[in-house]
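In what follows, a structure is listed as structure tokens, so that the remarks can point back to it.
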Amino acid sequence: MKKSDLKCLTISLVCSFLFSPFAFSSSVDWAFLGENSRGTIDLSSRTSSNLDTGEFSFLHVLGLDIHKVFSSSSADIGTLMFQPYLLKLNNVNNPSFIFDDGNDTKLTWRIANFNYTALNQGKFNIRVGHFEVPFGLEYQIDTNGTLRQLTAAQRGIKTDWGLSVNGILPRFEYEVALTRGSGVELRKKGNPHLFSGRVGTLSNKNTVLGISWLTGDVLAANGVIERKNIGLDASYYYYQWQFMAESSIGKVAGNNTLNGFVELLWRNAKEDLSVYTQLEYQRAEIDYAVSSKSDSTSYWATGVQWVNDDGFDISAQYKQKLKEAEGVNIDPTLSVQLRYRM
């Protein structure tokens, strides 16, 4: 282990201890936010090890999570979500293009929007701000800040700035959005833009089905990339078991793509311990002047998460490639995260 890696590991362990519930003598008083509101300080420290090279990378996070429902004397008016997060990278390879390098520190936004719900009793709402792009499984489950991720990587964008209409009807729920296409940061370079949406059966049922779409130009490290996708997702809940699957087809920069994802998850009766296994597949058909070439990437991952009633969260995940496409590198990685929400 390099001295720099050892130093980062020491910092990670110290931060993890400081983030533990034993380091805080009392809870934060959020009464100043008024009625129908809650706030959380979110702290985490993540360590990932490349098992081929022995190198370590680190991610330290300090965030604020505020949720407030505005109401009149007779009904709710809307919901505000406000989540600024400070991220510190150490020795991270191939970080997101919003960072200058693998040792950068940046203030980012996870979710920051207001959803106006007073028009038709929740059946037709208007959301403005920064929110999850309505597409597939990732849209339905909050994976922000966790090791467990679903299918956002397949579409190249997880959250975006813009406007949406959404609602819950007697038999289905929906969200349709027009957004900037720049992701975490609001940028206009290259004129990115995205039109997306998902329509699905009610999410409180044992079986949930949905259809999603997106089309537009998404900002990436090398400029905007044209993306078009249509996908189907399914979730099935059986006692303590959860099965999820998603499949989509589309185009990325004019090349045909096929994506697939499945996950099996088990929770104990207290729902404080969960174990999951995932399998992901991506195939792209690249057109050349006189021919085309098809190549695929696939990997599997397994993880465990334990959360206690005091907000302390310990999780671990192992990820291993099955097949790599040309130009794609998936290293076997073991990640551990300690998190505390106060």
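The values are calculated or read from the model by the stated rules, or taken from the named source; none is laboratory data. Every value quoted in this text rests on a predicted model; they were computed, and no experiment measured them. Positions of Cβ are generated from backbone atoms using ideal geometry, with glycine treated the same way; all protein chains shown enter the neighbour counts. Just the protein is used for accessible areas: all its heavy atoms, side chains included, with ligands, DNA and RNA removed. Shrake-Rupley method; radii C 1.70, N 1.55, O 1.52, S 1.80 Å.
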Practice problem: Using the Cα centre as the reference, give the magnitude of the dipole from point charges on the C-beta atoms of the range 253-342 (Lys, Arg: +1; Asp, Glu: -1; all else neutral), rounded to the nearest 20 debye. | Solution: 100 debye
Quiz item: Spin-label point model (7 Å from Cα, Cβ direction): what's the residue 99 to residue 300 distance in nm?
Solution: 2.9 nm
Quiz item: Leaving out ligands, DNA and RNA, what percent of the accessible area of the chain is carbon and sulfur, probe 1.4 Å?
Solution: 59 percent
Exercise. Could you rank 71, 235 by how accessible they are, 1.4 Å probe, largest area first?
Key: 71, 235
Self-check item: Neighbourhood net charge (15 Å Cβ-Cβ; Lys/Arg +1, Asp/Glu -1) for residue 337
Solution: +4
Quiz item: To the nearest 0.05, what FRET efficiency results for residue 267 and residue 321 with a Förster distance of 35 Å applied to their C-beta separation?
Solution: 0.80
Exercise. Give me the net charge of residue 280's neighbourhood, meaning all other residues with Cβ under 13 Å from the Cβ of residue 280; Lys, Arg count +1, Asp, Glu -1.
Key: +2
Exercise. Assign unit charges at the C-beta atoms only (+1 for Lys and Arg, -1 for Asp and Glu), then state the dipole size of the chain relative to its Cα centre in Debye, rounded to the nearest 20.
Key: 320 debye
Practice problem: Please work out whether the chain counts as rounded, prolate or oblate from its C-alpha gyration tensor, where a ≥ b ≥ c are the square roots of the eigenvalues and a/c under 1.5 means rounded, while otherwise a/b larger than b/c means prolate and anything else oblate? | Solution: rounded
Quiz prompt | Cα centroid separation, the range 28-103 to the range 181-197 (Å) | solution = 21 Å
Quiz item: When the Karplus curve 6.51 cos²θ - 1.76 cosθ + 1.60 is applied with θ = phi - 60°, which whole-Hz ³J(HN,Hα) does each residue of the range 118-135 get, with x for Gly and Pro?
Solution: 8, 6, 8, 6, x, 7, 9, 10, 10, 10, 10, x, 10, 8, 5, 5, x, 7
